[in-house]
1. For the chain, find the longest principal axis of its Cα atoms and tell me its angle to the long axis of helix 255-264, 0 to 90°, nearest 10.
2. Quick one: what Rg and Dmax do you get for the chain from the alpha carbons, in Å?
3. Pop a pseudo-label 7 angstrom from the Cα along the beta-carbon direction at both R371 and R228 and give the gap in nm to one decimal.
4. Please report the Cα spread of the stretch 266-323 along all three principal axes, rounded to whole Å, starting with the longest.
5. Averaged per residue, what accessible surface does the chain expose to a 1.4 Å probe, in Å²?
6. Run the quick spin-label model on E346 and A186: label points 7 Å from Cα toward the beta carbon, then report their separation in nm to one decimal.
7. When all C-alpha to C-alpha distances in the stretch 280-379 are sorted into bins of 5 Å, what percent of pairs does each bin hold, rounded to whole numbers?
8. What base-10 log of the normalised intensity I(q)/I(0) is obtained for the stretch 227-309 from the Debye formula, alpha carbons as equal point scatterers, at q = 0.10, 0.11, 0.22 Å⁻¹?
Amino acid sequence: MSTLRITKLRTTIVDLPTSRPHRFVNHEIYHQSYLLVEVHTDAGVIGIGEGVTPGGPWWSGESIEGQQQLIEVYLAPVLVGMDCLALPLIRSTMDRVSHGNEFAKAAVEMALLDATGRVLGVPVHRLLGGAARTRIPVRWALSGSGEQEVADEAIERLGQGHPALKLKLGALPPDEDLKRAARLIAKIGTEHDYLVDPNGSWDYRTAVSCVQRLEAMGVSVVEQPIDRRDVAGMASLVERTGSLRIMADESVCRAVDAMSAVNARSCDSVSVKIGKAGGLRAAVEVATIASHGGLRCYGGTAIETSIGTAAAAHVFASVPELDMGCELIGPLLLRDDLTVAPVRYENGHLVVPEGPGLGVDLDRDKVDKYRRHRTASDG
């Protein structure tokens, strides 16, 4: 195969219900929206990708609706006719058309890699350099609302083999939030590994106090305690901690951010995500830079379906080090999926798909069931 030409790009918005409410800093979600991206090729093979935002545009500035418009109106006209195998050229072409919009571009690249893997008959992780692992431990992420329900869910998931837990913070005033965290840890058990995530909702002085209290509780990691732009504050928090570690999420998106974090020592670890990095290959770059710079890597999530989860599994299988495991709980948090068979979990671990491409196949009936129908005003 010398070339694999793009003949058409097709997008569909779908809305999937969650199995329970999931609380972020400022809002609670009962469903998650996705942009399904299909890349048609001259070989007759269709690659699938997934655009996602974690509960809406609050995190990245991108919305599902905006991703659809960008791809259909601006990217598709320049990408049709291009070679799926020319990924660097495709990326530079997308960047010339649109600044940023990393989640949308990641969805397109995901579909291109899926199509390429299907034509070649190899899993995507082979296209990323090969798999260093076939199973990835999954830390269970708990909602930021409720208390007894959260504790019961945590105990159930630990019993199913999940090795560690994540608590969402930031929905309450800091003092109340930490008291709630202390009560949850006491109910669930102090012997477990806890990561907490306030999504950058604390100011620096509040974070200093909160980190000290969390360390005393036995929490092992605090993810993005302060605003993503406060690199100096993050570095100062790293210097102030003992056994507790500071993880960067919002403040480390792309490879250049990872280099800055390494140079500034502004974190101990990095949450790696396909969407915020701008694609699968870029996410591998972020993890590689972080690892070589002495930072630990963690596989983050944006509550993907089995499509995006499979893509992330290929990335996290390919990175040099992933000693913190991952948080790919999306398919377990959703009531339904978009694939014929969901990705597979065994004893709290995600099994890396081995089929061609992403290793998951689209269920057209499910897409039709959950698709969001356009109105006349949508054009």
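1. Compared with the principal axis, the helix lies near 20 degrees.
2. In Å, with Rg to one decimal and Dmax whole: 20.1, 61.
3. The two pseudo-label positions are separated by 3.2 nm.
4. That works out to 31, 20, 19 Å along the principal axes.
5. Details: 14490 Å² over 379 residues.
About 38 Å² of surface per residue is accessible.
6. 4.0
7. 2, 12, 20, 20, 16, 12, 8, 5, 3, 1, 0
8. -0.22, -0.27, -0.96
The values are calculated or read from the model by the stated rules, or taken from the named source; none is laboratory data. Just so it is clear, the structure is predicted and the values come from calculations on it, not from any experiment. Positions of Cβ are backbone-derived with ideal geometry, glycine not excepted, and every protein chain shown enters the neighbour counts. Heads up: the accessible areas ignore ligands, DNA and RNA and are worked out on the full protein's heavy atoms, side chains in. Shrake-Rupley method; radii C 1.70, N 1.55, O 1.52, S 1.80 Å.
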